[in-house]
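Presented below is the structure to which this report refers.
What follows draws every value from the coordinates through simple rules; no lab data is involved. Since we're looking at a predicted model, the values are computed, not measured. Cβ sites come from the backbone with ideal geometry, for glycine too, and all protein chains shown count toward neighbours.
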Ligand code: SF4
Ligand code: SF4
């Protein structure tokens, strides 16, 4: 399933989406993110899932636009660090 973390406000939609069917819980995205936005743990949407899954940490969910802002200028030049290390392609950003 698609797990969306973030919010929308008057300036736009700010969501990181984790495709939990693609995410294998490898954890590569956690150290790749320079701002500690991502973590790997229990699937909050599927209590029966045994493997860990990536998610946005509670701390960053309501300020994701600002948490990711230092990375975003890089998007035009190269892939975002979190997406770059995710070989299954489980991470997407709405903005
Ligand atoms: S790098 Fe991709 S597959 Fe690995 S934990 Fe992060 S989101 Fe999941
Ligand atoms: S865009 Fe940058 S700050 Fe945001 S989750 Fe990805 S690596 Fe972390």
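Legend: ranking of residues 83, 1 from fewest to most surrounding C-beta atoms inside 10 Å; resulting order 1, 83. Site pair residue 17 and residue 57 shows an inter-label distance of 2.5 nm when each label is modelled 7 Å from Cα along Cα→Cβ.
Paramagnetic label reach from residue 49 (point 7 Å along Cα→Cβ; backbone nitrogen cut-off under 19 Å): within the stretch 15-34, residues 15-33.
Cβ crowding within 10 Å, taken as a proxy for footprinting-reagent exposure, orders 19, 46 from fewest neighbours to most as 46, 19. Largest GNM mean-square fluctuation across 11, 57, 67, computed for the chain with C-alpha springs under 10 Å, falls on 11.
As a proxy for reagent exposure, ranking 35, 15 by other Cβ atoms within 10 Å from fewest up yields 35, 15. Between residue 40 and residue 94, the modelled label-to-label distance comes to 2.6 nm, taking each label 7 Å out from Cα in the direction of the beta carbon.
Simple spin-label estimate for residue 30 and residue 78 gives 2.4 nm between the two label positions (7 Å along the Cα-to-Cβ direction from each Cα).
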